[in-house]
Amino acid sequence: MRRTALSLVLAPAAVALALAAPARADVPETVAKVILPGYAGFARATQDLATTAATDCTPEALRAPWNAAFDAWLGVQHVHIGPAEEEGRALAIAFWPDPKNIGGRQTEAMLQGADPALVTPEGAAQLSVAARGLFGLERLLYGDASDTNPAYACALRRALAADLARMAQTIEAGWKDGFAETVLSAGTPGNTTYLSAAEARQALFTQLIAGLEFDADTRIGRPLGSFDHPRPERAEARASGRSLRDVALSLKALRAFAGALVQGIGPIPATEAAFDRAEALAAKLNDPVFAGVADPGKRLKVEILQQAIKATRESAEAEIGALLGVRSGFNSADGD
Amino acid sequence: MKRRAFLASLAAATAVPRLSWADAGSPAYLAAAQEPSGAHALYGLSATGERLFSQPMPARGHAATAHPTRPEAVAFARRPGTFALVIDCVTGATTARLTPPEGRQFNGHGAYSLDGAVLYTSEVVAEGSAGRIGIWDAARGYARLGEFASNGIGPHEIRRLPGSDDLVIANGGIETDPSDRTPLNLDRMRPNLSYLSPEGAVLEVVELPEMAQNSIRHLALKSDGLVAFAMQWQGDLAEPVPLLGLHRRGGAVVLADPKDSEMFAMKGYAGSVAFAPGGGEVAITSPRGGRIQAYSFEGTPLWSVARADVCGLGPCAEGGFVATDGQGAVMRVRAGVLEPLSAAPLAWDNHLVAL
């Protein structure tokens, strides 16, 4: 039976939860108030982008809805479980980092080849993950890549926007029609994904910690490079000027996620304070693409933001980990 | 406990010296684990994931190796290891404690000779991580007999080739700080896969110079001599690299590239490798990526499945694989489908050793 209404999905799990631990709201809270609305927002934003592209595929028309779609993605980008991880969807939505410029070279090859079969939604879905999604579109909306073949670039934008909207819709439907229940029914007979309620909490906790690590180590760490070898050219979404915005929106999303995860369980004052500090530093950092990493006078501010996010991760790991009774993976943290 | 005491008294009363693995309940696998109290132990598991026996260990374990005939296993400490315990899997007694010689450290793995008379251990010289293979007299109380070079830096897993006394060693190439695991040479590492005679002569060496930062660490062997090696990428994690290679003495290396959609799923890290019985499937696990990926012997990706903190992997006699994770689950995995076999309040450690 195909379920379409959220309430139908949540009902059986809510019953199971009430039987198991009535005071806890952590996992259902996170699914219902953060993850599902996040994917719904991303599906809407990408549909807006695709709808606009269908009538006007110029960069001028598409930049605003593309940015709105990227903003929406940051609300759920850290959720690496379920439908986003299937068939490489998350990778196709946001193929970054890409140190070998695989995506850029494929975009260039497509513009040279101008194969009409690729600029259909079906054709775009068959493209390499590196060529698609938000970053595939960014290359065609900013910079001069499109100059090779402006007419084909326009058609490619339309096809990639439709492909992105389709993936977003598939992920949202996948959560609503099955994976939300998989998470919420953790530990019940027949659930082979999460063998206990603790495993589902562990999985969500891991998304939070990994999300904070990605912001600190990848979004900021890659452009930071080392003091002797800063790498400003490695900043995320540099062409569109979104590097710092991505960090700020990710922190906002992770904070909401953390709050939902401990809802009804206990306060997290150290984590809240750490988020306060990191978000404040991001808000007042006047360096949208982390260009300052190459300037000894400005680099320190980027490093301080990175340290604040690392401190947030440490607080969250200790405080939320203790509240939920979970910890980082026994083997994943061992490394041998 | 009752059963063990009974068997122990039976063994003493009848004075039959030759106990077999059947007397230990015929375990199918050995695996180290951390218990809820934080204590560590080595467990024997049945083919269906039931826990048959456990023996305490003084610190975190890593892998184990089983004697070919006697119901006796050697459990190795986590790297840098200061001990290995020889455990009688029937009585539960620790019959010998192996301590590396001064200035040497165990690296978590070992292998017996074909007749079980000799135990080989993967070791490093603490200063500089030069690889050594320790030789121990398994016939007479595990006295140290000597050592020879492993032909590389930082050897990790060592296995014996089927039906032979030749050894194959994964020299991971990473020099580590003697007091912890801090890597010291990631910019100049040279891992290799070395085949050595039981006297330590180098028979064949495989290197992957185009990906020198891919540390060759774990091994699985097929009965016909096909070797699968699992790697851990020490370079930029944003660069997709294969983590599984296949090699046969005298042949060319086959590297197994994941499909596009899975190219970063393992997070540059493979923790265990195993062959499925028959079939033609070989799989690797990644606790960091929470993923099991299976490939054909030609290196073609076949399927993958998600499971948090999964690492231990062995063949399942009925087909496919058995996997363990840090959340206490033992699972059968076939064609990308997980089937839980048992759950326990344990954190299964890196390796599931098939007997």
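A few remarks follow.
- Pairs over the 26 Å Cα-Cα cut-off, from the set A:LYS33/B:LYS267; A:LYS252/A:LYS301; A:LYS284/B:LYS267; A:LYS301/B:LYS267; B:LYS222/B:LYS259; A:LYS33/A:LYS252: A:LYS33/B:LYS267; A:LYS284/B:LYS267; A:LYS301/B:LYS267.
- Neighbour counting of Cβ atoms within 10 Å sorts the residues A:LYS284, A:LYS252, fewest neighbours leading, into A:LYS284, A:LYS252.
- Under the criterion of Cα pairs below 8 Å and six or more residues apart, the relative contact order for chain A equals 22 percent.
- Three-way shape label, the protein assembly as shown, alpha-carbon gyration tensor, a/c 1.5: prolate
- Taking a ≥ b ≥ c as the square roots of the eigenvalues of the alpha carbon gyration tensor, segment A:252-336 is oblate, as a/c is not under 1.5 and a/b does not beat b/c.
- Once C-alpha pairs closer than 8 Å and six or more residues apart are averaged by separation and normalised to the residue number of segment B:20-354, the relative contact order reads 11 percent.
- Only Lys, Arg (+1) and Asp, Glu (-1) charged, at Cβ; segment A:91-216 dipole about Cα centre in debye: 80 debye
- Electrostatic dipole magnitude of chain A [Cβ: Lys, Arg +1; Asp, Glu -1; Cα centre; debye, to 20]: 400 debye
- Euclidean distance between Cα centres, segment B:186-236 to segment A:101-153, Å: 39 Å
- Placing +1 on the Cβ of every Lys and Arg and -1 on the Cβ of every Asp and Glu, with nothing else charged, gives the protein assembly as shown a dipole about its Cα centre of roughly 1000 debye.
- Residues B:LEU85, A:LEU134, sorted so that the one with the fewest Cβ neighbours within 10 Å comes first: B:LEU85, A:LEU134
- Shape of segment A:28-184, Cα gyration tensor, a/c cut at 1.5: prolate
- Between the C-alpha center of segment B:32-60 and that of segment A:30-67 there is a gap of 50 Å.
- Among A:TYR194, B:TYR43, the ranking by other beta carbons within 10 Å of each residue's beta carbon, starting with the fewest, stands as A:TYR194, B:TYR43.
- Gap separating the Cα centres of segment B:67-139 and segment A:223-267, nearest whole Å: 46 Å
None of the figures in this text is laboratory data; all of them are computed from the coordinates on show. Note that the coordinates shown come from a computational prediction; the quantities given were computed from them, not determined experimentally. Neighbour counts run over all protein chains shown; Cβ positions are idealised from the backbone, glycine included.
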